Amino acid sequence: MPYKYYNQNPFQLRLQDCVTRAISRALGIDYFDVVAMLYQNGKFNECDDLCVGCYSKLLTHDFKLPCFYGNGKTVEEVANDFPDKILLIRVDQHLTTSRFGEIEDIWDPSYKIVDRFWIVE
């Protein structure tokens, strides 16, 4: 199983901050800097900063990350398809990270169906 518990929250709190945690971990950006980026992105694009349509703009347009669709695959399958990459993976109401084939999150989303994912490197 390619899952490992990892909490990017600086206070190790288990909050509904998956977008911030995942982007911070995958891109190697400070957690609070990601909070500020998401806020500014939401304000600029006039959208809810934690909505997939909004943070997708940040990832695709600002960070220039290629976006792909899951085509019915699970998080585990997508992670296994890219064992040499860092990914941001979106499932229904959640964003998670896969680093070199290992899913890192505060809960195991490996069985969830992937909506879309971005390749970081």
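The values are calculated or read from the model by the stated rules, or taken from the named source; none is laboratory data. Everything numeric here is computed off the predicted structure, so don't read it as measured data. Neighbour counts are summed over all protein chains in view; Cβ atoms, including those assigned to glycine, are modelled from backbone coordinates with ideal geometry. Please note that ligands, DNA and RNA were not included when accessible areas were found on the heavy atoms of the full protein model with its side chains. Shrake-Rupley method; radii C 1.70, N 1.55, O 1.52, S 1.80 Å.
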Note to self: Between E77, E121, E104, which is at negative phi, at pLDDT 95 or above and not in a strand (DSSP E or B)?
What the structure shows: E77
Notebook entry, point to check: Which members of segment 33-51 meet the condition of being of a type in the set (A, V, I, L, M, F, W, C) and either over 18 Å from Q16 (Cα atoms) or surrounded by fewer than 18 Cβ atoms within 10 Å (Cβ to Cβ) (or both)?
Noted result: V35, A36, F44, C47, L50, C51
Next item on the list: Starting from segment 15-38, take each residue that is within 19 Å of K64 (Cβ to Cβ) and list its partners that are at pLDDT 95 or above and surrounded by fewer than 22 Cβ atoms within 10 Å (Cβ to Cβ), counting only C-beta distances under 6 angstrom and pairs at least six apart or across chains.
Entry: S24/Y31; A26/I86; A26/V120
Check: Failed condition for L13, given (1) among the hydrophobic types (A, V, I, L, M, F, W, C); (2) open to solvent by 60 Å² or more (accessible area, probe 1.4 Å); (3) touching a Ser or Thr at 6+ places or on another chain (Cβ under 7 Å), with all others met?
Finding: (3)
Checklist line | Criterion: touching a helix residue (DSSP H, G or I) at 6+ places or on another chain (Cβ under 8 Å), closer than 16 Å to W118 by Cβ and not hydrophobic (A, V, I, L, M, F, W, C) - qualifying residue of N9, N71, N41 | finding: N41
